[in-house]
Amino acid sequence: MLVLIASCMVNVFYTFGQYAFGRGVKVYGVAANSPLSDAKRVSRAKIEPIPILSGDTLEEIDGRRLRSLQEVIEALNQSPQNGPAKIKIYRVEWVAELEVPRGQLLAGATPEDQLGIQRWGSGRDWRATGFYNHWTTYAEMLQLVASLTIGLFLSLPRKRSRNGGLLALAIVGMGVALLLSVTRASWLSLLVSAALMTALSVSRRKLIVIGACALPLVLVGLFVLQQKRKVGFFDKSDDSIVWRQKVWHDGFHLLISKPRHLLVGVGMDSIKSHWREWGLFENGRIPMGHMHSDYLQISLERGVPALVAWLILLGMYARMLWRVKRRIPPENWIERGLVLGAFGGLIGFMCSGLVHYNWGDSEVVMVFYLIMGLSLVVERTAREVGSVSKSS
C-alpha cells in the first residue's frame with residue numbers, strides 16, 4: 001500500500017518538474033512562409049497538410065525531447081536527403097506527429113527569423129500525463145490512489161502528527177496533479193469519493209465546514225479547465241462531449257438492433273474489425289476507439305447479462321467493504337483507512353466509468369485490482385479475528 005502511494009507520488013513530482021521547467025517549445029506568430037507551415041501528417045491512407053500554427057507546442061523532434069528553439073533549427077538545418085523531420089506537437093485536445101521538410105530555413109540572424117516565427121517560450125499548456133501515455137489513464141490512477149490516501153487520513157486518530165502531515169501532503173500533491181490533467185470526469189469522481197468518505201467519517205458540522213473550504217477548489221478547477229481546454233464543465237459545444245454523444249448514440253443503436261446483441265453482444269474487440277460495416281465513428285471521420293463508457297462497452301461487446309453480472313460482482317465487493325469497515329475498530333486505522341479508501345475509490349471508479357472506459361485501461365485496472373486484493377486480505381483477517389473472539 002505504501003509502495004503504491006509512493007509510486008504515485010513519483011509521478012506527481014515528475015509532473016511538477018515538467019511544469020516547473022516546461023516541456024517542449026511553444027511557438028507564436030508562425031509566418032505563412034515558415035518551414036513549419038509546410039508540415040504534413042503522413043499515413044498509409046493519405047498525406048494531409050497540417051500547418052503548425054501559432055500557439056502549438058513542439059514536444060519532440062525525431063524522437064528527442066525539445067528544450068530550446070535552437071534544437072529545432074539544428075534538426076531542420078540538415079540536408080533534405082535525410083528525409084523530413086518528425087515533430088510531435090500538442091494542440092488543444094490533440095497530439096500528432098507531423099513531418100516537416102529539412103533544409104528550408106529562412107534567412108536571418110536569429111533562430112526566430114530562420115524559423116519564421118515572432119517568439120517562443122517553454123510549453124506548459126499541455127495536460128499532465130505523468131509517466132503514462134495519456135492523461136485519462138493518469139487521472140484515473142490518481143483518483144484511485146488519492147481516494148485510498150484520503151481514506152487513510154480520515155481514519156488516522158491524530159491528524160496533527162508526522163503521519164498526518166505526510167498523508168495531507170500526498171493528498172494535496174495528487175489533487176494538484178489531477179487538476180493539471182484537466183480530466184473533468186476524474187475530478188468529479190474524486191470529489192464524490194472524498195465527499196462520501198468524509199460523510200462517513202466526520203460529524204455533520206465538520207462536513208459543512210470542509211464543504212465550504214472545498215468550494216474555492218471547485219472554482220480553481222473551472223478556471224483551469226477554461227484556460228487549458230477553452231471549455232466549460234458542461235459545455236455542449238465541447239468537441240469531446242459531442243464526440244461522446246455520437247459514439248453513445250451509435251453504440252446503443254447497434255446494441256438494440258438485434259436480440260443477439262442484447263444477449264451475447266457483438267464480441268470482444270469486434271468493434272475494431274467491423275466498425276465500418278456497422279457505420280460507427282461516422283465512418284472514420286471521428287477518432288476510432290471504444291464506447292467511452294464501461295456500461296455501454298461491456299453490454300455491447302458481451303451482452304446485457306454480462307453487464308448485470310459485472311454490476312452484481314462490484315456490488316458484492318462494495319457490500320463487503322461496507323461490512324468490514326463497520327467491524328474494524330478505530331485503533332486499527334491503517335486497515336480501516338484502506339477499506340474506506342477502497343470503498344470511496346470504487347464509487348469514484350464507477351462514476352467515472354459512465355463517460356470513460358476505465359475498465360478497459362490495463363494500468364488503471366491493475367491499480368484497482370491491487371487495492372481490491374489488499375481489501376480482501378483485510379476482510380479475511382477481520383473475519384478470522386472475529387471467529388477467534390467468538391470462540392473465546
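For K46, the solvent-accessible surface with a 1.4 Å probe is about 120 Å², rounded to the nearest 10. With θ taken as phi - 60° and the Karplus curve 6.51 cos²θ - 1.76 cosθ + 1.60 applied, the whole-hertz 3J(HN,Hα) list for region 89-98 is 10, 10, 10, 2, 6, 8, 10, 8, 10, 10 Hz, x standing for glycine and proline. Only helices at least 18 Å long along their own axis, judged from Cα atoms, and with Kyte-Doolittle mean hydropathy of 0.5 or greater: name those in the chain from DSSP H. TM-like helix candidates: 2-21, 135-155, 162-181, 184-199, 204-229, 304-327, 333-352, 362-391. Restricting the trypsin sites (Lys or Arg not before Pro) of region 60-160 to loop positions (DSSP other than H, G, I, E, B) with no more than 15 neighbouring Cβ atoms within 10 Å leaves R67, R158, K159, R160. Specify the residue with the greatest mean-square fluctuation among I87, I347, I50, computed from a Gaussian network of the chain linking alpha-carbon atoms under 10 Å apart. Between I87, I347, I50, it is I50 that shows the largest mean-square fluctuation. Helical content of the chain, expressed as a calculated mean residue ellipticity at 222 nm, amounts to -19500 deg cm²/dmol (DSSP H runs of 4 or more residues, -39,500 (n - 2.57) each, divided by residue number, nearest 500).
Here the Gaussian network model covers the chain, with springs between Cα atoms less than 10 Å apart; of G151, G123, G17, G17 fluctuates the most. The structure-derived value of mean projected area of the Cα convex hull in nm² appears in the list [x] 21.4; [y] 19.3; [z] 23.9 under the label [z]. Computed in the context of the full set of protein chains, the accessible area of the chain at 1.4 Å probe radius has 61% of its extent on carbon or sulfur. Solvent-accessible surface (1.4 Å probe) assigned to I47 amounts to roughly 110 Å². With springs only between Cα atoms under 10 Å, which of Y14, Y369, Y357 fluctuates most in a Gaussian network model of the chain? Highest fluctuation among the options: Y369. Projection of the Cα convex hull of region 41-175, averaged over all directions and equal to a quarter of that hull's surface, yields 11.6 nm². Surface analysis of the chain yields an accessible area of 52 Å² per residue, using protein heavy atoms and a 1.4 Å probe. Out of every Cα-Cα pair that region 92-135 contains, those further apart than 16 angstrom amount to 62 percent. Using C-alpha pairs below 8 Å separated by at least 6 residues, the relative contact order for region 302-392 is 29 percent. The largest accessible area among V304, V365 belongs to the first residue in V304, V365, and the rest follow in falling order (1.4 Å probe, all chains). Selection among Y28, G123, L105 by position relative to the dipole of region 1-149 gives G123 as farthest towards the positive end (Cβ unit charges, Cα centre). Take every pair of alpha-carbon atoms less than 8 Å apart whose residues are at least six positions apart; their mean separation over the length of the chain yields a relative contact order of 16 percent.
The values are calculated or read from the model by the stated rules, or taken from the named source; none is laboratory data. Here the structure is a predicted model, which means the values were calculated and not measured. Note that we place each Cβ from the backbone using ideal geometry, even for glycine, and neighbour counts take in every protein chain shown. Only protein heavy atoms, including side chains, enter the accessible area calculation; ligands, DNA and RNA are left aside. Shrake-Rupley method; radii C 1.70, N 1.55, O 1.52, S 1.80 Å.
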